[in-house]
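In what follows, a single structure is set out as structure tokens and then discussed.
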Amino acid sequence: MRHQLPRILLVSALVGALSLGAAWAGTVLSPRPTGPDLNELPTQAGGPFRTEAAVELPGLDGGELLVGAAKVNIYPQPNAANGEVWIRDRARCEALSPEGAQYIPGQAADTRTLWPENPGCIYTGGYGIGPMNAVTDFDPEYGLWTRTFAVSNGEKTVVLNVLDATYWEGRYNQMCPDCGALDLTESLSTELAEYGVEQAGMYFASTHSHTAPDFIGGWGGVPPWYMKQVAEAIRTSVREAVTNMVPGKVEAGEILARDYNRDRRKTYYSAQEAGMSWLRAVDRNGDTVATLGAYAAHPTTVNTNGIAHADWVALFEKRVEDRFGGVGLHFMTGLGQMTSRGGTAIGTALANLIPAVGKGAPVAGDANGTVAVRSAKTEWDQPITNVPLAGLGGLGLFDRPFGGPAAVDVGRTSVRRCRSAAPVSVRTQVNASRVGNLVFSGAPGETFANLTNTLKEHRQNTVAFPLALVNDGLGYINQSFEAFEESRTGAGFGGTEATEYEDAYSLDRCFGDKILGETLSLFDAIWAS
């Protein structure tokens, strides 16, 4: 009880100053869909599960790769015998709701975050701030999942995982000390080393649906048992995708899709990312193992009044599964300032743009038929010059570790460099991988389209997947020439016509410059090696 008064006072002061309600423009109410019992939706994986003690990967013909995919349901499964409970009564969960819901302070003994959250409730992220949007059920038609695609040349493996979540942090303090994305890369790369899995080739991403569970604590968080359940689901998805890899071929392409997103910056017109990159893996029998899309549009089209939903991404994944079979996956690219256009139905529309099996460009090998697979990563301490965000992090409103003083100095010449320094920092990274003429990169937040467009254009004759929200969730990431300094002082929280909301949640004006420069260097390295 000793934490009760400070927490209530803190929340009361922050709610007025940091209201996000006006920021997520374009929200459309959607009726609750009907469908099968979500508990009956199975875990899916491609290929037979190997049980041999030693790993014996099959041989590959010219141009072939090993491919595998899996998806695991993340519907909450509390164990009552262990005292685990999922409270689905919103009146007992939403301490900060506009309706003044019932809040019993004794229920908020969970001190993992400073919000007066009820530790038995699952909250969604992205609408409002603090514990205001509790989950009463999961969408029964589409469900929420963690999905993985693995691809290997028999020596090196790339693992692409995406979770239906607003964010999944790189590291946690209290919510899940050993299951942040970077923790997962360390443990799973060791466990699956015999399959060629290494940390640099692992991508743990979020769909960023705002009606999916909150795994950072900024909107109330989730119960400890559920955090552990989802972390284990991620591990299971990766293990199944990797250990079930079978010989097959990969085809890919990029499609112009201007009609389904738009720039939302208010004070100037920003670059848009108009293309959707895609790939498909097919086994030797001609059966689709996985279809993957990568596009930039904020998933804020659904507000289901307590029903967790993966937004338009769910429709995309279901549609490609219905069309082609296998496992469907969708990753965000430069969504930072990109709003979706066309409502939830854009998921189906985007999936319909992907051509039939065999109509993409095959990923080919070298003269010997071997497809190159290489990965690399770079880590650094990123200064946090956004004073309001540094303050919120220090107070524990976002559950993650922070570091001490750090500085960055970014630029190709001595002229017009971007330099910043701060007493508070966060350890972060970028990674990049090559699979033949495909290139993947991972940035730890909501990158802007200028950045991802540059990555797509860097190397000719490739299909690029510049993925956002990979291995962390560090807010919006624009480049210094796009930064709106007035908004980064806290003025942007209000979302007025004279400010830019995204800058209020941008760690530092040089963050995007640093990510772009380091990623381009990684691109050059994975081609040169």
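Tell me yes or no: at least one residue of segment 304-319 is in a loop (DSSP other than H, G, I, E, B), crowded, with 20+ Cβ neighbours inside 10 Å, among the β-branched types (Val, Ile, Thr) and touching a residue at least 12 places away in the same chain (Cβ under 8 Å).
Quick first cut of segment 304-319, residues in a loop (DSSP other than H, G, I, E, B) only: 304-306, 309-311.
This time we only want the ones that are crowded, with 20+ Cβ neighbours inside 10 Å, so: 304, 309-311.
Now drop any that are not among the β-branched types (Val, Ile, Thr), which leaves 304.
When the remaining residues are screened for being touching a residue at least 12 places away in the same chain (Cβ under 8 Å), the result is 304.
Looking through segment 304-319, at least one residue is in a loop (DSSP other than H, G, I, E, B), crowded, with 20+ Cβ neighbours inside 10 Å, among the β-branched types (Val, Ile, Thr) and touching a residue at least 12 places away in the same chain (Cβ under 8 Å).
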Item to check | Residue within segment 339-353 that is buried (at least 24 other Cβ atoms within 10 Å of the Cβ) and in a loop (DSSP other than H, G, I, E, B) present | outcome: no
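Looking at SER441, SER433, which is the one that is crowded, with 23+ Cβ neighbours inside 10 Å, in a strand (DSSP E or B), touching a Phe, Trp or Tyr at 6+ places or on another chain (Cβ under 6 Å) and touching a residue at least 24 places away in the same chain (Cβ under 8 Å)? Talk me through it step by step, then tell me what you get.
On the way: SER441 fails: touching a Phe, Trp or Tyr at 6+ places or on another chain (Cβ under 6 Å).
After applying the criteria, what remains is SER433.
Among the residues of segment 212-255, write down those that are β-branched (Val, Ile, Thr), within 30 Å of ASN118 (Cβ to Cβ) and modelled with pLDDT of 95 or more.
To start, the set of residues in segment 212-255 that are β-branched (Val, Ile, Thr) comprises 216, 222, 230, 234, 236, 238, 242-243, 246, 250, 255.
When the remaining residues are screened for being within 30 Å of ASN118 (Cβ to Cβ), the result is 216, 222, 230, 234, 236.
Within segment 212-255, VAL230, ILE234, THR236 meet the criteria.
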Item to check | Cross-chain or 6+ apart pairs with Cβ under 7 Å, segment 321-335 first and over 17 Å from ASP164 (Cα atoms), then part of a strand (DSSP E or B) and of a type in the set (Val, Ile, Thr) | outcome: PHE324/THR288; PHE324/THR291; GLY325/THR288; GLY326/THR288; GLY326/VAL289; GLY326/THR291; GLY334/THR447
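Residues of segment 180-194 being under 21 Å from PRO223 (Cβ atoms) and buried (at least 22 other Cβ atoms within 10 Å of the Cβ), which ones? Break it down stepwise before answering.
Start the filter on segment 180-194 by keeping residues that are under 21 Å from PRO223 (Cβ atoms), which leaves 180-181, 183-184.
Within segment 180-194, GLY180, ALA181, LEU184 meet the criteria.
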Item to check | Condition met for TYR203 (surrounded by 19 or more Cβ atoms within 10 Å (Cβ to Cβ), within 16 Å of the chain's Cα centre (by Cα) and farther than 26 Å from TRP312 by Cβ) | outcome: no
Checklist outcome for this item: Over segment 393-422, the set of residues closer than 26 Å to ALA181 by Cβ and either loosely packed, with under 15 Cβ neighbours inside 10 Å or free of Cβ contacts under 8 Å to residues at least 60 places away in the same chain (or both) is GLY393, GLY394, LEU395, PRO401, PHE402, GLY403, GLY404, PRO405, ALA406, ALA407
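Would you say VAL371 is in contact with a strand residue (DSSP E or B) (Cβ under 9 Å, 6 or more places away or on another chain), assigned to a strand (DSSP E or B), surrounded by 21 or more Cβ atoms within 10 Å (Cβ to Cβ) and of a type in the set (A, V, I, L, M)?
Values: in contact with a strand residue (DSSP E or B) (Cβ under 9 Å, 6 or more places away or on another chain): yes; assigned to a strand (DSSP E or B): no; surrounded by 21 or more Cβ atoms within 10 Å (Cβ to Cβ): yes; of a type in the set (A, V, I, L, M): yes.
Criteria not met by VAL371.
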Next on the checklist: List the residue pairs whose Cβ atoms are under 8 Å apart, where the first residue sits in segment 516-527 and is among the aliphatic types (A, V, I, L, M), the second is part of a helix (DSSP H, G or I) and surrounded by 15 or more Cβ atoms within 10 Å (Cβ to Cβ), and the two are 6 or more positions apart or on different chains.
Outcome noted: LEU516/LEU451; LEU516/THR454; LEU516/LEU455; LEU520/THR454; LEU520/LEU455
Checklist outcome for this item: Requiring at least 3 residues that are touching a strand residue (DSSP E or B) at 6+ places or on another chain (Cβ under 8 Å) and under 30 Å from LEU60 (Cβ atoms), the strands (runs of 3 or more DSSP E) wholly within segment 168-264 are 197-206, 246-256
Item to check | Pairs with Cβ under 7 Å, 6+ apart, first in segment 126-146 and within 15 Å of LEU163 (Cα to Cα), second among the β-branched types (Val, Ile, Thr) and part of a loop (DSSP other than H, G, I, E, B) | outcome: LEU144/ILE74; TRP145/ILE74; THR146/ILE74
Item to check | Hits in segment 458-472 (condition: aliphatic (A, V, I, L, M) and more than 15 Å from HIS208 (Cβ to Cβ)) | outcome: VAL463, ALA464
Checklist entry - Failed condition for VAL357, given (1) at pLDDT 95 or above; (2) among the hydrophobic types (A, V, I, L, M, F, W, C); (3) under 22 Å from the mean Cα position of the chain (by Cα); (4) surrounded by fewer than 22 Cβ atoms within 10 Å (Cβ to Cβ), with all others met? => result (3)
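Residue by residue, here is whether (1) more than 30 Å from GLY293 (Cβ to Cβ); (2) of a type in the set (Val, Ile, Thr); (3) modelled with pLDDT of 95 or more holds:
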position	(1), (2), (3)
ARG416	yes, no, no
VAL435	no, yes, yes
LEU451	no, no, yes
HIS458	no, no, no
LEU469	no, no, yes
PHE484	yes, no, no
ARG488	yes, no, no
GLU502	no, no, no
Item to check | Qualifying residue in segment 386-394 (condition: among the β-branched types (Val, Ile, Thr) and not in a helix (DSSP H, G or I)) | outcome: no
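So which of SER277, SER237, SER270 is touching a residue at least 40 places away in the same chain (Cβ under 8 Å), of a type in the set (Gly, Ala, Ser) and closer than 16 Å to ASN73 by Cα? Write out each step before concluding.
Working: SER277 fails: closer than 16 Å to ASN73 by Cα; SER270 fails: closer than 16 Å to ASN73 by Cα.
Exactly one residue qualifies, and that residue is SER237.
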Checklist outcome for this item: Checked VAL363, VAL371 against criteria (over 16 Å from PHE324 (Cβ atoms), aliphatic (A, V, I, L, M) and over 27 Å from the mean Cα position of the chain (by Cα)); the one match is VAL371
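The values are calculated or read from the model by the stated rules, or taken from the named source; none is laboratory data. Small disclaimer: the values here were computed from a predicted structure and weren't measured. Using ideal geometry, Cβ is built from the backbone for each residue, glycine included, and neighbour counts are taken over all protein chains shown.
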